[in-house]
Structure formats: structure tokens, C-alpha cells
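Contents: one structure, followed by commentary.
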Amino acid sequence: MSKKEFGPQPWLFPNPAVLVGTMFDGKSNFAPYAWCGITGGEPPTISVGIRHERHTLKGIHQNKTFSVNVPSADMIKETDYCGTVSGAKTDKVKECGFKVYYGKLAAAPLIEQCPVNLECEVLHMLNLGIHMLVIGKIVETHVTEDCLTDGQPDIMKIRPFVYSRGPSARYNAVGEVLGQAFVIGKDFKKK
Amino acid sequence: MTKKKLGPQPLLWPHPTTIVGSHVDGKPDFAAVAWTGVAASSPPAITIALQHHRYSLKGIYQNKTFSINIPSRDLVKEADYCGLVSGAKTDKVKDCGFKVFYGTLATAPLIEECPVNLELEVAHIINMGSHALVIGRVVETHVSEDCLTDGQPDINKVRPFIFTPGKYHAVGEAFADTFKIGKEIKGKG
């Protein structure tokens, strides 16, 4: 198997696609991010890598809160649109027809149409070069009732999608089940 | 649309499935990690969250280097196995039949069978409570030649998969181009 070297690249496959919600000067704004990950389980925390010049980061500096909204595949156009225009110049809520609501945090706007919404308070900010790594503590989780099975969130009902780079950057759906986690590997042992 | 509140949950879906490599006491070890994300692009940095007792974390503290290997769906059993057993008790390289190679870093073991391999140096470690958040700088990226299209990695050839509590899912078909499909929205409101 031959390998090709590309130098340092942030190539993690796949990346989630989420809409980060913030307030800046009292106005809500949403922008898509793929560079995010869970950073701890107890307490639950999450990170998002955001370029310093982004309008989203201004809102985070102002209020120290933000939201992470997981869109379903039906919302792909809206999600992509939010990444092509700046909240400084556009009212993305109006353009996309988002229904905005709030939970515990007054400055973490949530999108009702997104099946999963996380409210986050900033714990750490780390300057990593052209990006600021924002680490937030998740203070509340909202899931659309239709997306639950036996009271638990169901990925096939949430229908999130993934972002990847490559010959052309694109969005992929989440596909079929390959196996049960912590079961499929259980009896596996190559001699 | 009614919503149910579940309290604070680490519910960021979907999670990638990765196999993190490190050297513990001079021996390569691999562990399955889903709590990972890109942190920055220039210089490229990636986060992984590991519980403090994890064997692979010991190796990361010892050498300040690690690897992230992206398995294709053909390696779902091997990846799951690497999340089930501890390197303290098992030789996962032998059990899984991994061909291990090295690039720039002498203590960041890479799995040849995985289509994408990243070599990382530790930049920061933050104690997040139950987990240590390791932020690594990517120093080299290796991609299997047969997973490239026009010289770039192609997700449909890499065939990575997704972890959820309970199930692994394939990455499905590509259904839209980024920064193109959204242009249809303009002026809708």
C-alpha cells in the first residue's frame, strides 16, 4: 500500500456540520462550523475552532455564551448559506426563515428547526494561530420529540450530515448501520 | 415542534471514528477515539479527549507525540476491538494484524491499512474533568494513494465511518457541494 505525504493538514474524516448561534449587539447570528468536537464527558464540553475575524467570535467575546445546533439533511441549503454570507451584513435568521428560541442562556439563540440544540457557556479560549479554539460547557440539551426513539436521540431520525474536503468540498449523508459499537469487536482476535 | 430537554449531554452528532496511536513504554498501542475535532488550520491542530486512566494517554505523556489514523469501514471490527480492550493487557497490533509504520515522528506509530494517517506533536493538555483534552499540532499527513481523486483525498474512497453510542454508521452518499448549494437561499426571506 503506497502512501502520499501532504505535509501538515487538518484532515479528520468525517467532520460534523453544525450551526453555531451567537448574539452580537443584541442580534442573533448563525454560522456553520465543521471544526468542532466533544472535549469531555463529565462535565460535557465541546470545542469549536473559529477564525479571529468572524462575526460569530465577536458575539462569543461579548456574551461568553453560544449555541451549537445540529441541522438535519433537509436544512442543508440553509446551513451552507449561513457559511457564504456574514452576519455583519445579512440577517440570516430572516433569509433562512429560522424560528429562534431561547433556553437557559439569554444570549445563546437556538434554531427550532434543528433537531438537536446545545446551550454552551465559554470555559476556555485558546489562540491557535488563525483560529481561536473556543471550549464551552454544555448547560442544556434540547432534542426535537420526533427525533427520539424510546426517549433517546436517534441518529436516523435526526439525519445529521458530514462535511469533507477533497477534490471538491461536499456534504455527505449519514448512511446505513455497519455494526453495534462495543459488540462487533468483541469476539474479534486475529491469530 | 416540541423539544425535550435532556440536561447537559455531549450530543454532537455525528462523531468520526479514529484510532489514536501512541508509544507506551516503547511499544506501539492503538485506541479507538470518537471525541475528536479539528481545532485550527494554520498551523493545523486537532483535539482528542481521553479519560485520565487510558493507557494511550500514558504514552502521550511519555513522548508528547501521537497519531490519528482514520479507518475505512472494512476496519470496523478492528476499530471496535481497539475500544474494547486495554493496551496494558493486550497486544492490539498483533491481535488486529496491523502493519505499523513511522513517518517524521519516532513515537507516533501509524497503521498502514488506515487510508489517512496524521502525525501529531502535543501543543496543549487541558484537564476537563473526566477527560484530558489533548491538542496536537499535525506535523505530517499520509494518505493511501488509492484514496485520492485528482491528487486530493476523496471521502468516498477513504470510506470513514461514524460512531454513535450503540452503532457504527457508514458515511452515505454525497448530496451537495459546499459553498454552492446555499446560494439558492439568497433573498428567500
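Quick note: the coordinates plus some simple rules give every number you see, no bench work behind them. Here the structure is a predicted model, which is why all the values come from computation and not from measurement. Ideal geometry is used to build each Cβ from the backbone, glycine not excepted, and the neighbour counts take in all protein chains shown.
Observations on the model:
- Using every pair of distinct Cα positions in the stretch B:15-184, the Kirkwood expression returns a hydrodynamic radius of 16.5 angstrom.
- For the stretch B:15-184, the residue among B:172, B:34, B:55 whose Cα projects farthest onto the positive side of the dipole built from Cβ charges is B:55.
- Distance between the 7 Å Cα→Cβ label points at residue A:154 and residue B:121: 4.9 nm.
- Note on the stretch B:1-110: the alpha carbon radius of gyration divided by the globular reference 2.2 N^0.38 Å gives 1.18.
- Cross-link partners for residue A:89 among the lysines, with Cα-Cα distance under 24 Å and sequence neighbours closer than 8 places in the same chain left out: A:27, A:58, A:64, A:77, A:99, B:180, B:183, B:186, B:188.
- Most mobile listed residue (A:44, A:71, A:32) in chain A, GNM with C-alpha springs under 10 Å: A:44
- Measuring gaps between exposed loop sites in chain A (chymotrypsin sites (Phe, Trp or Tyr not before Pro); DSSP loop; at most 16 other Cβ atoms within 10 Å), the longest gap, sites not included, is A:1-101.
- Using Cβ point charges alone (K and R +1, D and E -1), the dipole size of the stretch A:15-173 about the Cα centre works out to roughly 600 debye.
- With each label modelled as a point 7 angstrom along the Cα→C-beta vector, the residue A:130-residue A:4 pair spans 2.2 nm.
- Under 29 Å of direct C-alpha separation, and excluding same-chain neighbours fewer than eight residues apart, residue A:186 reaches these lysines: A:157, B:27, B:58, B:77, B:89, B:92, B:94, B:99, B:157, B:167.
- Over all projection directions, the Cα-based convex hull of the stretch A:1-146 averages an area of 10.7 nm².
- Positive-end residue of B:18, B:76, B:130, charge dipole of chain B with Cβ unit charges: B:130
- Per-q log10 I(q)/I(0), the protein assembly as shown, q = 0.06, 0.08, 0.11, 0.14 Å⁻¹ (Debye; single scatterer per alpha-carbon; no solvent): -0.21, -0.37, -0.71, -1.18
- Taking 0.36 nm per residue of separation and subtracting the current Cα-Cα distance, fully stretching the chain between residue B:52 and residue B:2 would add 14.2 nm.
- Calculated diffusion of the stretch A:73-191, Stokes-Einstein form, Kirkwood radius summed over Cα pairs, 10 °C and 1.306 mPa s, µm²/s: 89 µm²/s
- The slack in the chain from residue B:99 to residue B:180, taken as 0.36 nm per residue of separation less the alpha-carbon distance, amounts to 25.2 nm.
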